[in-house]
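Structure incoming, see below.
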Amino acid sequence: MPFQIWVPDVYQGAPTPVTAYLSVGSKAAGFVVLLRVLQPFMTLPETQRLIVLIALLTLIYGNLAALPQANLKRLLAYSSIAHAGYLLIGVVCFDVRAVTFYLVAYLLMTLLSFAVLIITAQQTGEEISDFDGLARRSPFLAFAMLIGMVSLAGVPFTAGFLGKFYIFYAAVLQRQIALVVVGVITVGCGFYYYLKIVRAMYWQSAPRMDKIPVNGLSRFAISALIIATIWLGVYPQPILDALRR
């Protein structure tokens, strides 16, 4: 914020594979460049105060705007804005390892969510209500989306949890109390709108009962993303060692 205006409409209007690329590729490249550009200026208190303000506004706007969304792609768009706010906390603390780890975690859980969305939307649609009863129509896709959503929300034993943990840990070390408080509160908001999708899949009745087919290649790719998301949340040491080197 205030550079987020284009995001919800583009996410909803673009083809879903393009949206997935925009969500991950542009964010990763943008934050890598941002860290490079800001490095000489981070010692200036004015620069740090400005980034703190932008981070706070981004966290609050992204999470609050996601709460009433009924379209899954628009929800993920506002979620993307909120995750940019968490990444900005790492930028404020200039913790390159925390930012990079968060980007890796965000890559896995976002690609997982969009992979399920692409397959499901071909059979139903992109509204959250279109996911009603998905667990009965395709238990595999429902479980994959469950892992994606709980990781985005920051549930323990997922990559998203450790990503947020390292970001908040860096903020605590830098005594950025306002960012930590607002960040924790907005994580609570995230639990609400991410778990709306889980509720639709597992607790709502399905309007249709025909199975959703998943080909072998898609099943393999989604399974790999599920394993990577959980593995990185349980055993992150290889990534941390690579970042340390």
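Throughout, read-outs are computed from the coordinates displayed, never taken from laboratory work. As the structure is a computational prediction, the values presented were derived from the model and not from experiment. So basically every Cβ, Gly included, is an ideal-geometry build from the backbone, and we count neighbours across all protein chains shown.
Less than 14 Å from a label point 7 Å out along the Cα-to-Cβ axis of TYR192: which backbone N atoms in segment 51-88 qualify, by residue?
60-70
Cut-off 10 angstrom, C-alpha nodes, Gaussian network model of the chain. Which of VAL91, VAL181, VAL150 fluctuates the most?
Its mean-square fluctuation being the largest, the pick is VAL181.
Would you be so kind as to identify which of VAL155, PRO207, ASN63 lies farthest towards the positive end of the dipole of the chain, taking Lys and Arg as +1 and Asp and Glu as -1 on Cβ and the Cα centre as origin?
VAL155
Taking semi-axes √(5λ) of the Cα gyration tensor in Å straight from the coordinates, which label in [x] 24, 21, 18; [y] 27, 20, 18; [z] 31, 19, 16 is the correct one?
Among [x] 24, 21, 18; [y] 27, 20, 18; [z] 31, 19, 16, the one derived from this structure is [z].
How much space per residue, in cubic angstrom, does the convex hull of the C-alpha atoms of segment 68-128 take up? Before the final figure, lay out each step's value.
On the way: hull volume 3.6 nm³, N = 61.
Normalising the Cα hull of segment 68-128 by residue number yields 59 Å³.
Quote to one decimal, in nm, the extra length available between GLN122 and PHE41 on full extension: 0.36 nm per residue of separation minus the C-alpha distance between them. Mind showing how you got there, number by number?
On the way: separation 81, 0.36 × 81 = 29.16 nm, distance 4.73 nm.
24.4 nm is the gain from fully extending GLN122 to PHE41.
Hey, another quick one. About the Cα centre, and with charges only on the beta carbon of Lys, Arg (+1) and Asp, Glu (-1), how big is the dipole of the chain? Nearest 20 debye, please.
Here the chain has a charge dipole of around 320 debye.
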